[in-house]
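First comes the structure, then the notes that go with it.
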Amino acid sequence: MYRPRRRPPRAAHRPARVAGPASRAAAGVRRVSPGAVTGPCEATRPVIARIEPLTTTRRLSGPFDYLVEPGAVTVGSLVRIPFGHQKLEGVVVGLAESSEVPEEKLVAPTAVLDDSIPRDLVDLALWMAEEYCTTPARALALVAPPPGKAKYAFWAEPTPAAADPPRLTDNQRALLARLPGFAGGDLPALRRLEKRGLVTITQRVARRVPRTNPAPDREITLTPEQVAALEEIEASPGEARLLHGVTGSGKTEVYLRAAAAALERDEDVIVLVPEIALTPQTVARFAARFGDTVALLHSALSEGERYDEWRRLRTREARVAVGPRSAVFAPVARLGLVVVDEEHDASYKQESDPRYDARHVAAYRAYQAGARLLAGSATPRPETAYRLKRLRLPTRATATPGAGAAGGGAATPEEGAPGGGAPGGGAPGGGAATPGAGAPRGGGATRGEGAAGRGAAAPGAGAAGGGAAPRAGASRADARGLPPVRVLDMRGAHHALHPETRRALAATRKSIVLLNRRGWSNFLTCKSCGKAWECPNCDVALVLHRAENALQCHHCGHRERVPQRCDHCGSLSVARHGAGTERVEAELAQALDIPIFRLDADTAATKDAVPRLLARFQQAETGLLLGTQMVAKGHDFPDVTLGVVLDADATLRFPDFRAEERTFALIAQLAGRAGRGPRGGRVLVQTTTPDAPAIVAAARHDADGFLEQELERRRLHGYPPFADLIRIVTSAVDAAPARAAATEIARAIDVPGTQLLGPAPLFRLRGRERYQLVLKTTERAAAIQATGAAVEAVAREKAFRAVNLSVDVDPT
Ligand code: ADP
Ligand code: ZN
Ligand code: ZN
């Protein structure tokens, strides 16, 4: 996903569509209104601005031609335009000397806004529109400035006369002493001093500053591995690298140093992190190291704060943008480095149109700017490990006594795919990215080490795979400073907790328990007639939430009261199956005398809830943090000595080619949270599939072994990185048109090197029947193009008006 394949489009994008058929052009075309931006026509000959109206409908994709004065706008200008009967905002995506539309039919924008989009972000958006089969307008909306405007306030400065003032009261003296500064509540007093010529008062942009709690920064002497990694990064301008290091190995310190080096070169930096609420420490460390040079771009900011941070980046007042996936659109001018922290994290994928992947977009931006890209993870995705040259941090930076030094070796920059290099070096067509081209490399990145002796892990070997049996309690701490992991076989168990888990939890002061399922019971059935309670809108089971006395659909949010009796047969006995976090919390509370902190989507309903809960857990003498995958994210609790994963195979049961990868990452990430302090720790993994390769590898902290076997499995089945996937979903209230639309799209797509799977029915969601079509392709660009064309054609057909179409390139 890291190698862009195509040349960035020129700003005058898709010229063939510019003027469009008469009917299409007519929507945006009217007579020039007097007093518009163009002004009087005789002055200079107006030019044509190609403008994309910022509207979300698929049907209205432009660009459309408008008349402007020369010099009034440039590519990236934001304008207000008359558009049919509406007034819309639009983005200038190109300038031209003439239009296919007669000049007297063209109109002018009514206003040019103060803010504008940097030109390279316009190019980026137009590329995204094609790459993700969406409209230019939807992609441009992602790079447009956030709503809001600058706030001005009175600013007072002492004049030279104030150096030796005549009579002043003590208050006035104190007031002068604090200047220069914003007037605030002192404005009346300052106005009096202004009259006496002692201060000047002007208006100035007043920044609305987001709250951060900078972590105390400290001097760190880099380990040899960190030094080697940084040297390699510094020596490779314009290239992408994967920093693969266990949790606590000092990756963040490497990001910080690489960022400092970029700033030193007068370059700007973008740092992408997973959800900020769950990874406050990374943000805090950047804030501590770089102060106001950091701009924060996350969703919890107020509108004013977000606007100010955007503007500070746009003006280069701030030069390090830190934020979640959307921060990839930060308006930095001289991008020199993009960091993608926790690159495996699912939050980098946007799950609504445009379904972009911030990692892929980051790679494109880096390529556009000739910038370095640094992705880091303890559990990198197989495709990233395959594509990028790897730098390793094999041991914890603050390893437990006696554990550290053993790790050996300086960072070993490993030869990855040769394409790992030189995005800046041109040859954009030469897709190092082309998955097909990868074949001769033989999975380079992960080969070579210990390939032998790991045969047991053969994919598909499943339970039979010998040697995979969990070793009875590896009691010694891992040489890399990682805690030992014990796999507990839950086949035939009748309780949510294995006796050993129960004992360990009771004996531990602070622990983290992961169960990736919220609610009380996953489903209810009638004991007499077998009825299962399902969502009326979606074909899925309803989940029991006892605290609310409700059954909930986790897909559409439908809620209903918990049934007292079966409405089918009248029976009073209803069985509750499975256990979610709510139920396990209740069971743990009964069994243990330890405060329990539950963290899942139910307890984290408000924005502040997560940081508050994590802070309370951090401060607690004893405590158990229980929750969904949220508990395995970036926090650092040094006094946690036990990590527990319940139902570790839950993620394996999803019919998804990423199931293995997710399962491995979840266990390995949780293991990374345990035993970070001097007392060390251990990890227990409960599962009914103790021999599953992902679980076995995670229990051994064997990321290399996992990547190797997973890549082999993907090669066999033609999954990324050996092919690209495109998923098309059609949906409608009735099944027939949804199926017909999918069939029609399938018929229209005929691309060499592309396998078409489906249309296959998906479960009904939000009252809509759905069909899915999956393309598996080694001809990515051609397949994307064909998909876009097929979907657009179907979208225009009257017969399919009631059908929703969604395209997901690189689904996750
Ligand atoms: P990661 O990002 O890989 O999880 P961090 O960069 O957060 O690792 O480092 C983990 C801890 O180790 C942090 O407290 C950090 O300050 C510390 N650390 C990082 N590098 C060093 C070093 N070279 N020497 C000592 N401590 C270090
Ligand atoms: Zn019944
Ligand atoms: Zn539902």
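Within the range 204-250, the residues that satisfy the criterion of being of a type in the set (D, E, K, R) and either under 23 Å from the mean Cα position of the chain (by Cα) or within 16 Å of ligand 3 (Cβ to nearest atom) (or both) are Arg211, Glu239, Arg241. Quick one: Leu524 ticks every box in (1) more than 16 Å from ligand 2 (Cβ to nearest atom); (2) buried (at least 19 other Cβ atoms within 10 Å of the Cβ); (3) over 16 Å from Val644 (Cα atoms) except a single one, so which number is it? That leaves (1) as the condition not met. For the condition crowded, with 22+ Cβ neighbours inside 10 Å and assigned to a helix (DSSP H, G or I), Ala262 qualifies. Of the residues making up the range 163-174, not a single one is under 44 Å from the mean Cα position of the chain (by Cα) and crowded, with 16+ Cβ neighbours inside 10 Å. Out of Leu515, Leu505, one residue alone is closer than 30 Å to Val540 by Cβ and modelled with pLDDT of 90 or more. It is Leu515.
Exactly one condition in (1) surrounded by fewer than 20 Cβ atoms within 10 Å (Cβ to Cβ); (2) within 29 Å of the chain's Cα centre (by Cα); (3) outside any loop (DSSP other than H, G, I, E, B) is not met by Glu104; state its number. Glu104 satisfies every listed condition except (2). Checked across the range 569-581, the condition of being within 16 Å of ligand 3 (Cβ to nearest atom), in a loop (DSSP other than H, G, I, E, B) and surrounded by 15 or more Cβ atoms within 10 Å (Cβ to Cβ) holds for no residue.
Only one entry of Arg764, Arg714, Arg747 meets the criterion of being free of Cβ contacts under 8 Å to residues at least 40 places away in the same chain and among the basic types (Lys, Arg), and that entry is Arg747. The combined condition, being touching a helix residue (DSSP H, G or I) at 6+ places or on another chain (Cβ under 9 Å) and farther than 17 Å from Leu391 by Cβ, is not fulfilled by Glu253. Each residue in the range 313-323 was checked for being touching a strand residue (DSSP E or B) at 6+ places or on another chain (Cβ under 9 Å) and surrounded by fewer than 21 Cβ atoms within 10 Å (Cβ to Cβ), and 3 of them qualify. Looking across the range 538-575, the residues that are touching a Leu at 6+ places or on another chain (Cβ under 6 Å) and within 14 Å of ligand 2 (Cβ to nearest atom) come down to Arg565, Val574. With respect to the conditions (1) outside any helix (DSSP H, G or I); (2) touching a strand residue (DSSP E or B) at 6+ places or on another chain (Cβ under 6 Å); (3) buried (at least 24 other Cβ atoms within 10 Å of the Cβ), Ile695 falls short on a single one, namely (1). Within the range 214-241, the set of residues being within 16 Å of ligand 1 (Cβ to nearest atom), under 22 Å from Ile270 (Cβ atoms) and part of a loop (DSSP other than H, G, I, E, B) comprises Pro214, Ala215, Asp217. Every test in (1) on the phi > 0 side of the Ramachandran plot; (2) out of contact with any Phe, Trp or Tyr (no Cβ under 9 Å at 6 or more places or on another chain) is passed by Lys251 save one, and that test is (1). Taking the options Ala692, Ala668, Ala698, name whichever one is more than 26 Å from the chain's Cα centre (by Cα) and closer than 25 Å to Arg715 by Cβ. On inspection, the qualifying residue turns out to be Ala692.
The set of residues in the range 548-568 being hydrophobic (A, V, I, L, M, F, W, C) and touching a His at 6+ places or on another chain (Cβ under 9 Å) consists of Leu551, Val562. Looking at the range 711-783, the strands (runs of 3 or more DSSP E) lying wholly inside it that each contain 1 or more residues that are basic (Lys, Arg), at pLDDT 95 or above and in contact with a Leu (Cβ under 7 Å, 6 or more places away or on another chain) sit at 768-777.
Restricting attention to the range 532-568, the residues that are within 28 Å of the chain's Cα centre (by Cα) and among the small types (Gly, Ala, Ser) total 1. If you check Ala547 against the conditions, is it more than 29 Å from Arg766 (Cα to Cα), surrounded by fewer than 17 Cβ atoms within 10 Å (Cβ to Cβ) and either hydrophobic (A, V, I, L, M, F, W, C) or within 16 Å of ligand 1 (Cβ to nearest atom) (or both)? So Ala547 fails the test. Screening Val631 against (1) assigned to a helix (DSSP H, G or I); (2) within 16 Å of ligand 2 (Cβ to nearest atom) leaves a single unmet condition, (2). Looking only at residues in the range 268-327 that are in a helix (DSSP H, G or I) and polar (S, T, N, Q), which one is nearest to the chain's Cα centre (by Cα)? Residue satisfying both the conditions and the ranking: Ser326.
For the condition more than 34 Å from the chain's Cα centre (by Cα), exposed (fewer than 12 other Cβ atoms within 10 Å of the Cβ) and away from ligand 1 (no atom under 16 Å from the Cβ), Asp608 does not qualify. Scanning the range 337-359 for residues that are assigned to a helix (DSSP H, G or I), buried (at least 21 other Cβ atoms within 10 Å of the Cβ) and not hydroxyl-bearing (Ser, Thr, Tyr) yields Ala358, Arg359.
Looking at Val246, Val209, just one residue is of a type in the set (A, V, I, L, M, F, W, C) and either in contact with a strand residue (DSSP E or B) (Cβ under 6 Å, 6 or more places away or on another chain) or surrounded by fewer than 16 Cβ atoms within 10 Å (Cβ to Cβ) (or both), and that residue is Val209. No other residue among Pro158, Pro180 is touching a Leu at 6+ places or on another chain (Cβ under 7 Å), farther than 30 Å from Pro382 by Cβ and free of Cβ contacts under 8 Å to residues at least 60 places away in the same chain apart from Pro158. Of all residues in the range 628-642, none satisfies being surrounded by fewer than 19 Cβ atoms within 10 Å (Cβ to Cβ) and away from ligand 1 (no atom under 16 Å from the Cβ).
The values are calculated or read from the model by the stated rules, or taken from the named source; none is laboratory data. The model shown is predicted, which means the values in this text are computed figures rather than measured ones. So basically every Cβ, Gly included, is an ideal-geometry build from the backbone, and we count neighbours across all protein chains shown.
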